[in-house]
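**Student:** Could you have a look at this structure, given as structure tokens, before my questions?
Each value in this text was obtained by applying a stated rule to the coordinates, not by laboratory testing. Note that this is a predicted model, so its numbers are computed, not measured. Every residue, glycine as well, gets a Cβ built from its backbone with ideal geometry; the counts of neighbours run over all protein chains shown.
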Amino acid sequence: MYAVIKTGGKQYRVEPGMRLRIEKIDAKEGSTVELEPLMVRKDDGSVEFYKGKVVAEVVSHGLGKKVTVFKYKPKENYKRWKGHRQPFTEILIKDIK
């Protein structure tokens, strides 16, 4: 059984027991969150759309790898560096109902 969920503007295919890094959500570590699936495919092969719930536990919050942004204009002595680290939430999929 698996489901397709949408969170943070992205879609993920999830199964029970799977760990996943998603865009940061507002939930404390150790708490459970319910996500609404776009699609659920059951073990017997049937498919349901926009029905059910995906229960997940928030494992941790963190920051991703650093991305360096570099601006440069030739012959003008213009150089700028900027770094960015995208925040994420790691979740553990507990159950698909």
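**Student:** Taking the Cα-to-Cβ direction at His84 and at Glu15 and moving 7 Å from each Cα, how far apart do the two end points lie in nm?
**Tutor:** Roughly 3.4 nm, to one decimal.
**Student:** GluC sites (Glu not before Pro), restricted to the range 38-97: which are DSSP loop and have at most 15 other Cβ atoms within 10 Å? Let's see the in-between values first.
**Tutor:** Numbers: sites: Glu48, Glu57, Glu76, Glu90; in loops: Glu76.
Listed in order of number, the matching sites are Glu76.
**Student:** For the chain, modelled as a Gaussian network with Cα springs under 10 Å, which listed residue fluctuates most, Arg19, Arg80, Arg41?
**Tutor:** Arg80
**Student:** Give the Kirkwood hydrodynamic radius (Å, one decimal) of the chain, defined as one over the mean of 1/r across all pairs of different Cα atoms. Working shown, then result.
**Tutor:** Details: mean 1/r = 0.0647 Å⁻¹.
Kirkwood radius, the chain: 15.5 Å.
**Student:** Relative to the Cα centre, what is the charge dipole magnitude of the chain, using +1 at the beta carbon of each Lys and Arg, -1 at the beta carbon of each Asp and Glu, and rounding to the nearest 20 debye? Walk me through the intermediate numbers first.
**Tutor:** Working: 22 positive and 13 negative charges, 213 e Å.
The calculation lands at about 1020 debye.
**Student:** Can you figure out the FRET efficiency of Leu92 with Val67, using R₀ = 35 Å and their beta-carbon distance, to the nearest 0.05? Spell out each step's value before the answer.
**Tutor:** On the way: r = 26 Å, r/R0 = 0.75.
Computed FRET efficiency for Leu92 and Val67 comes out at 0.85.
**Student:** Moving to a separate point now. Taking the range 46-97, which chymotrypsin sites (Phe, Trp or Tyr not before Pro) meet the DSSP loop condition and have no more than 15 other C-beta atoms within 10 Å? Provide the component values of the computation, followed by the final result.
**Tutor:** Working: sites: Phe49, Tyr50, Phe70, Tyr72, Tyr78, Trp81, Phe88; in loops: Tyr50.
Those satisfying the criteria are Tyr50.
**Student:** Given the pairs Lys51/Lys97; Lys28/Lys51; Lys28/Lys66; Lys6/Lys53, which span a C-alpha to C-alpha distance of over 19 angstrom in this model? Numbers along the way, then the final one.
**Tutor:** Values: Lys51/Lys97 9 Å; Lys28/Lys51 26 Å; Lys28/Lys66 24 Å; Lys6/Lys53 12 Å.
Check vs 19 Å cut-off fails for Lys28/Lys51; Lys28/Lys66.
**Student:** Going 7 Å from the Cα of Asp43 toward and past its Cβ, which residues in the range 82-97 have a backbone nitrogen under 15 Å from where you end up?
**Tutor:** Residues 95-97 fall inside that zone.
**Student:** Toward the positive end of the charge dipole of the chain, about the Cα centre and with charges on Cβ (Lys, Arg +1; Asp, Glu -1), which of Tyr50, Met39, Ile91 goes farthest?
**Tutor:** Ile91
**Student:** If you build a Gaussian network model of the chain, linking Cα atoms that sit under 10 Å apart, which residue out of Val33, Val67, Val59 swings the most?
**Tutor:** Maximum fluctuation in the GNM of the chain, among the listed residues, is at Val67.
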